[in-house]
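Structure record follows, encoded as structure tokens.
Please treat every number below as a calculation from the coordinates, not as lab data. Source: prediction; values computed, not measured. Quick reminder, even Gly has a Cβ in these numbers, built from the backbone with ideal geometry, and neighbours come from all protein chains shown.
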Amino acid sequence: MLTHDAVRLPCGLVLAATSADQPLTGLHGPVLTGAGQVRIGAMAVEISRVVSVTAPLGLVPDATAVGRVGRRLEHLGFYEHGTGLAERLAAHCRNPRDVPGLVRLLLGSGSGLTPSGDDVLAGFLVGSRSFGVCADKLRAAVMANAPGVTTDLSATLLSHAARGESIPEVDSLLRALAAGPAGQRIDESLATLVRVGHSSGIALATGIHAAANASLELRPPRRQQAHGVLGCGMLRRDRSSDRTEVSQPTFMGKERAEAQDSSAKDAGCTAARAAP
């Protein structure tokens, strides 16, 4: 349950009242759900509408924008999980054998209400989906191990990230990276995200930046591009016919991606009002 001025977590039930109007720190008691209501102790709220928290699909990161974010993150100095983390995350798309090592390094690791390693993974999972980078093996490994390794809240947020769902500040940075080299928009989006939580914002941004880098590295030359997810299939060049083919069956085409996006819209951040 979230007050109106809280970070809009994708698993949240958002109240109309602010934290000043309706402090939730003393809220306790059994949690009951049903008939469109959620009750916690003596407090009851009624669900009024569902808000989509699905990140956009089909974004293409701008190289200049990605470089700018990388320099800003380097200046902020987030090295809690060692140096070269973004490069290692991006490299796993070419070498999935590193997935177990990445999961051991990051899952449940670090400081913050949600461990910062989890936030890095969440940023990468959302970013890879938006930028069309295949992260199927990492996604599966995180989902298989999260319940027993990290906190309940963080495991829930990782499950949302695996579906491409996150907070509005993440959505803003994703769109800014794809909008082109507009420095002010990029700086504002990054600064807003970094302010989220103790370390969550900068960790999420680190994961998003790694996904954007992976997209740039895996993206074929313009004449070879095809709609779909990069890294899942192998692009082959047929020199005799001067054409490019995508190996099957791991390539996910545009129609399937759009169908997945449509099905994901049912899940979202929920608005609520006080029940009578």
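Observations, loosely collected:
- Applying both filters, DSSP loop and at most 16 other Cβ atoms within 10 Å, to the GluC sites (Glu not before Pro) of region 40-139 eliminates every site.
- The value given for region 1-58 is a Kirkwood hydrodynamic radius of 12.7 Å, derived from the mean inverse Cα-Cα separation.
- Three principal axis extents of region 51-165 based on alpha-carbon atoms, in descending order, are 39, 33, 31 Å.
- Cα gyration tensor shape for region 103-150, rounded if a/c is under 1.5, else prolate or oblate: oblate
- Normalised by residue count, region 125-176 yields a Cα convex hull volume of 64 Å³ per residue.
- Across region 63-199, Cα pairs under 8 Å and at least six residues apart give a relative contact order of 29 percent.
- Our compactness index for region 169-217, the C-alpha radius of gyration over the empirical 2.2 N^0.38 Å, is 1.07.
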